[in-house]
1. Which pairs break 23 Å Cα to Cα here: K48/K89; K12/K89; K12/K48?
2. Which whole-Hz ³J(HN,Hα) couplings does region 97-106 yield from phi under the Karplus relation 6.51 cos²θ - 1.76 cosθ + 1.60, θ = phi - 60°, glycine and proline marked x?
3. Just in region 1-83: which GluC sites (Glu not before Pro) are loop by DSSP and have at most 13 other Cβ atoms within 10 Å?
4. K15 versus Y43, label points 7 Å from Cα toward the beta carbon: distance in nm?
5. Between M1 and N79, 0.36 nm times their residue separation minus their Cα-Cα distance comes to what?
6. Using the Karplus equation 6.51 cos²θ - 1.76 cosθ + 1.60 (θ = phi - 60°), what ³J(HN,Hα) coupling, rounded to whole Hz, does each residue of region 63-69 give in order, writing x for Gly and Pro?
7. Extending each Cα 7 Å along its Cβ direction at V67 and I106, get the distance between those two points in nm, one decimal.
8. With Rg and the Kirkwood Rh both taken from Cα atoms, where does Rg over Rh land for the chain?
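Rule-based calculations on the coordinates, nothing more; no lab input. It should be emphasised that the depicted structure is a prediction, and the values quoted were computed from it without experimental measurement. Using ideal geometry, Cβ is built from the backbone for each residue, glycine included, and neighbour counts are taken over all protein chains shown.
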Amino acid sequence: MMNYTIDLIITKTSKPFLYVDFNELLDNRTVMLSQQDIKNDYYGNPVKLHEGLEIIGYQEDSDMNGVRDDIILEGVCVNNLTRHSTHVKWLLKANEKGIQYVSDIIK
């Protein structure tokens, strides 16, 4: 069985891949990103966050059979202007693709 990891798609874009916790969704298109202005990408390189920065959020995940199928959310970095989780400075707002699994992108 093939594992669908972000390694299969990360080289196809210049956008930084930043870890997000999909348990921290504010709605079906927005996830908390960072409390700080700098967040390390998948490779450990620091990325300076700013309004409008195009990024891809990712989290490792598996399907019901234990086959790895990572979750991604492509979108833009936005200031947290909501009244929720005010300790979080930056959010990731999804583009029209929304939340996807790597297997859906590969197929």
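1. Working: K48/K89 13 Å; K12/K89 29 Å; K12/K48 21 Å.
In this structure, K12/K89 lie more than 23 Å apart at Cα.
2. My calculation for region 97-106 gives 6, x, 6, 9, 9, 4, 4, 5, 6, 5 Hz in order.
3. Of the GluC sites (Glu not before Pro), the ones in loops of region 1-83 whose Cβ has at most 13 other Cβ atoms within 10 Å are E51, E60.
4. Label-label distance for K15 and Y43, simple model: 1.8 nm.
5. Values: separation 78, 0.36 × 78 = 28.08 nm, distance 4.01 nm.
Gain on extension, M1 to N79, equals 24.1 nm.
6. 7, 5, 8, x, 7, 5, 8
7. Distance between label points: 0.8 nm.
8. That ratio is 0.97, to two decimals.
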